[in-house]
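Participant: If you scroll down you'll find the structure; I have some questions about it.
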Amino acid sequence: MPDQFLFAMEVILNGLMAGVLYALVALGFVLIYKASGIFNYAQGVMALFAALTLVGIMEGQVPFSHLINAIFGTEIHHFGWHVPALLAIAMTMVVMVGLAWAVQKFIFRHLVNQEPILLFMATIGLAFVMEGIGDIMWGAEIKKLDIGLPQGINDWIDVTTFEAFGYGFFIDNLDISATIVAIILVGALIAFSQYTKQGRALRAVADDHQAALSVGISLNFIWILVWSIAGFVALVAGIMWGAKSGVQFSLSLIALKALPVLMLGGFTSIPGAIVGGLIIGVGEKLFEFLIGPMVGGATENWFAYVLALIFLVFRPQGLFGEKIIERV
């Protein structure tokens, strides 16, 4: 086979892997928007906060140590122990559930029936508050996240393809892990939505808040539940992105990459988030491969937004979103 064709196949595979990481972030947006109608601008910061908390717990870091030392003149930074990865993930999830409860109790419970723009502005404020708390709580330096996931080029795929075609495919083990985790996560979310009492209640709330209230479904419980699930999704996304590029405050910007995914897949569709992520991932890699050299490169920075803009013009509800027609 020609080397260019094989290289294009490698580009597509890497694009699919990148698309899975985009979809992981987009899932959090979809879950909250579908259940409450709130576009959660803070989803990217939630992934950052979850990753910071996980690293802090694993390394035995004292929360707010910089603040404590500044007030009391001490030099305390670590407890002197390290927490195993699985236990640290469980403890981080407890923190994210506590965050979901606090967000619902102290913010959104007081904004029921308010205009969507006010709810959106509240999530912007929440994003900056969480980013500030994360900075004070765990520090702003770049942190390494290692929970034992395999990293580096997959030797088996590299050797196998080299023997078959005389050309090696360079696929990152971490991207393969992210793909497997995303498939399991989506399957679990779909099963939860379809086959559990809480999942059916969540779908009922998403369809009609008033009807759900009339049959005894607690909106307060459902919104805490959906923010907790979104926090778990943010934790998974934070782990994958943090392991890939380090835990740093630019990690919160991954939310911007999820926006085109949502525009393509639809704001209310879990499968749409996955499909949209794959389209964006493959599309930007192929566009860079085919067109990038002709226009000076760096097309991955803007291709997704141009594609999303085209979709907004011709199909604003996305591929899987519902087209709502209101009679006047």
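The values are calculated or read from the model by the stated rules, or taken from the named source; none is laboratory data. From a predicted model like this one, the values you see are computed outputs, not experimental measurements. Every residue, glycine among them, receives a Cβ derived from its backbone with ideal geometry; neighbour counts consider all protein chains shown. Calculation scope for accessible area: heavy atoms of the full protein, side chains included, ligands and nucleic acids excluded. Shrake-Rupley method; radii C 1.70, N 1.55, O 1.52, S 1.80 Å.
Participant: Taking the solvent-accessible surface of protein heavy atoms with a 1.4 Å probe, what is the per residue accessible area of the stretch 267-307 in Å²?
Facilitator: Per residue, the stretch 267-307 has an accessible area of 46 Å².
Participant: Let me ask something else. What shape does the stretch 205-282 have by the C-alpha gyration tensor, where a ≥ b ≥ c are the square roots of the eigenvalues, rounded means a/c under 1.5, and otherwise prolate means a/b greater than b/c and oblate the rest?
Facilitator: In terms of gyration-tensor shape, oblate.
Participant: I've got another one for you. If we sort 65-76, 274-285, 8-19 on the protection proxy, mean other Cβ atoms within 10 Å, highest first, what's the order?
Facilitator: In descending order of packing, they fall as 274-285, 8-19, 65-76.
Participant: Would you please classify the overall shape of the stretch 191-328 from the alpha carbon gyration tensor, given that a ≥ b ≥ c denote the square roots of the eigenvalues, rounded means a/c under 1.5, and beyond that prolate means a/b larger than b/c while oblate covers the rest?
Facilitator: The shape class here is oblate.
Participant: Between Glu115 and Trp302, take the C-beta separation as r, use R0 = 51 Å, and let me know the FRET efficiency to the nearest 0.05.
Facilitator: 0.95
Participant: How large is the Kirkwood hydrodynamic radius of the chain, in angstrom, based on all distinct alpha carbon pairs?
Facilitator: 21.2
Participant: Taking +1 at the Cβ of each Lys and Arg and -1 at the Cβ of each Asp and Glu, which of Leu21, Trp227, Val261 sits farthest along the dipole of the chain towards its positive end, judged by Cα position relative to the Cα centre?
Facilitator: The Cα lying farthest towards the positive end belongs to Trp227.
Participant: While we're on this one: Please report the carbon-and-sulfur percent of the accessible area for the stretch 163-222; probe 1.4 Å, protein heavy atoms only, DNA, RNA and ligands left out.
Facilitator: In the stretch 163-222, the share of accessible area belonging to carbon and sulfur is 62 percent.
Participant: Which one of Ala206, Thr161, Ser250 has its Cα pushed farthest toward the positive end of the charge dipole of the chain, where Lys and Arg give +1 and Asp and Glu give -1 at the Cβ?
Facilitator: The listed residue farthest towards the positive side: Ala206.
Participant: Next up: Report, in debye and to the nearest 20, how large the dipole of the stretch 117-244 comes out about its Cα centre when Lys and Arg carry +1 and Asp and Glu carry -1 on their Cβ.
Facilitator: 580
Participant: Right, something else. Mind putting a number on the dipole of the chain about its Cα centre? Charges go on the C-beta only, +1 for Lys and Arg and -1 for Asp and Glu, and I need it in Debye to the nearest 20.
Facilitator: Dipole size: approximately 1180 debye.
Participant: From the protein chains alone at 1.4 Å, what is the descending order of accessible area for Trp156, Trp227, Trp81, largest first?
Facilitator: Largest accessible area first, the list is Trp156, Trp81, Trp227.
Participant: Further question: What length, rounded to one decimal in nm, is gained on full extension from Ala90 through to Asn173, with 0.36 nm per residue of separation minus their alpha-carbon distance?
Facilitator: Using 0.36 nm per residue and subtracting the Cα-Cα distance, I get 27.5 nm.
Participant: Same structure again: For the stretch 3-121, what % of the accessible area comes from carbon and sulfur atoms, probe 1.4 Å?
Facilitator: About 72 percent, which is the carbon plus sulfur part of the accessible surface.
Participant: Going by the alpha-carbon gyration tensor, a ≥ b ≥ c the square roots of its eigenvalues, is the stretch 128-265 rounded (a/c under 1.5) or, if a/c is not under 1.5, prolate (a/b greater than b/c) versus oblate?
Facilitator: Since a/c reaches 1.5 but b/c is at least a/b, the shape of the stretch 128-265 is classed as oblate.
Participant: Quick check: residue separation of Ile133 and Asp208 times 0.36 nm, minus the Cα distance between them. What number comes out in nm?
Facilitator: 23.5 nm
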